[in-house]
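Student: Here it is: the structure, laid out below.
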Amino acid sequence: MTSKRAVVTGGAGFLGSHLCDALLAEGWNVVVVDNLLTGRAANLAQLTHEPRFEFVEKDICQPFDVGKVDYVFHFASPASPVDYTIHGIATLKVGSLGTFHALDVAHKYGAKYLVSSTSECYGDPLEHPQKETYWGNVNSIGPRSVYDEAKRFTEAVTMAYHRYHNVDTRIVRIFNTYGSRMQLNDGRVVPNFLKQALRGEPLTVYGDGQQTRSFCYVSDEIDGFVRLSKSEQHLPVNIGNPKEFTILECAQMVLHVTGSKSQIRYEPLPQDDPKQRCPDITKARQELEWEPKIDLETGLRLSLDYFKKAVAEEATVK
């Protein structure tokens, strides 16, 4: 087992907290830096008595230094539409200033570096499925641009530090991921549908529901991150599930898994909402020997207890 030390920015978030669990399981010492803007301390509650874990509450838009580290995992950023709509400027700052500061830590200590990017870099894609070589179709001034352009800039800064400072970098482009520790009011498809189904409310489908998404269960996604972190692959790599579902099919699957009698309610499609989103994972298969194992129905069943508990807790608060 290694005694190496990793820092995870945004480690109190949905994916960041699951990554911490995986790194600790691999023998790492882990320090999380998070300002809890959208992350939650509850996501790390299982690590309270773990001697190899440390939490630092800090905004990485300010320079930070937690001492010598061997790996920097930069996962800090609002990621859900609800969060980055509310915290637009904070999203742009963490993607720019926060990325510089995370890379400065890696550069200072000669640490390896992995950054979470997003399939949003492809925008409303004109290529389907999306390969890493596709440059995207992004509205740089639309309501989603605070997130899309922050992540595109994050990638640019990361590659600049790789080229100019020889930082040993990796970039993961994350596609739709779901599972425990997601915020109930996340605004993304799976938590929205599960919340509405469990409450007996109508499931909100935007447009005609024929737009597609591909849903990756969190344990598969984290496995992809860990494999990428050990690779020598410096250019972006898609990590997501290539099995495509229409939004309407996803809604029907949620109704099936929950046994809910909820109806489906149609609402207008939001501006710049992508019509199709599906990763080409050829690169991940070839370079990382990775592909997802858990299908949507299984993943929803694995997520169900967490969402039932979250809905019940919210009801008691009200």
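FYI, it's all coordinate maths here, none of it is from the lab. Here the structure is a predicted model, which is why all the values come from computation and not from measurement. Neighbour counts run over all protein chains shown; Cβ positions are idealised from the backbone, glycine included.
Student: Report the GluC sites (Glu not before Pro) located in segment 2-62 that are in a DSSP loop and have at most 16 other Cβ atoms inside 10 Å of their Cβ, or state none.
Tutor: Answer in residue order: 26.
Student: What residues qualify as long-range amide H neighbours of residue 216, i.e. H under 5 Å apart, gap of 5 or more or another chain, H built at 1.01 Å from N?
Tutor: Residues meeting the amide H criterion: 177, 178, 241.
Student: On C-alpha positions alone, give me the angle between the axis of helix 189-199 and the longest principal axis of the chain, in degrees, nearest 10.
Tutor: 50
Student: What residues qualify as long-range amide H neighbours of residue 32, i.e. H under 5 Å apart, gap of 5 or more or another chain, H built at 1.01 Å from N?
Tutor: When sequence neighbours closer than 5 places are left aside, the close amide H contacts are 8, 54, 55, 56.
Student: How long is the chain along each principal axis, judged by its Cα atoms, biggest number first, in Å?
Tutor: 55, 45, 37
Student: Let me ask something else. Could you list the GluC sites (Glu not before Pro) in segment 185-248 that lie in coil according to DSSP, counting only those with at most 16 other Cβ atoms within 10 Å of their Cβ?
Tutor: 232
Student: Which is farthest toward the positive dipole end of segment 215-297 among 231, 270, 281, measuring Cα position about the Cα centre, with Cβ charges +1 (Lys, Arg) and -1 (Asp, Glu)?
Tutor: About the Cα centre, the residue reaching furthest to the positive side is 270.
Student: From the mean inverse distance of alpha carbon pairs (Kirkwood) and the Cα radius of gyration, derive Rg over Rh for segment 4-92.
Tutor: 0.96
Student: At 0.36 nm per residue, minus the direct Cα-Cα distance, what do residue 139 and residue 282 gain on full extension? Give it in nm, one decimal, please.
Tutor: Fully extending the segment from residue 139 to residue 282 adds 48.8 nm.
Student: Which whole-number percentage describes the relative contact order of segment 181-318, with Cα contacts under 8 Å and a sequence gap of 6 or more?
Tutor: With pairs under 8 Å counted, the relative contact order is 37 percent.
Student: Step through the table entries 112/309; 4/308; 93/308; 108/151; 108/293; 151/230, compare each Cα-Cα distance with 29 Å, and write down the pairs that go over it.
Tutor: 112/309; 4/308; 93/308; 108/293
Student: I would also like to ask the following. For segment 49-55, just list the computed ³J(HN,Hα) in residue order, Karplus coefficients 6.51, -1.76 and 1.60, θ = phi - 60°, integers in Hz, with x standing in for Gly and Pro.
Tutor: 9, 7, x, 8, 10, 9, 10
Student: On the first, second and third principal axes, largest extent first, how far apart are the outermost C-alpha atoms of segment 112-175 in Å?
Tutor: Projected onto its principal axes, the Cα set of segment 112-175 covers 33, 24, 17 Å.
Student: Here's another thing I want to ask about it. Taking 0.36 nm per residue of separation and subtracting the Cα-Cα distance, what length does fully extending residue 54 through residue 273 add?
Tutor: Fully extending the segment from residue 54 to residue 273 adds 75.0 nm.
Student: Remind me, relative contact order of the chain in percent, using alpha carbon pairs under 8 angstrom and six or more residues apart?
Tutor: 17
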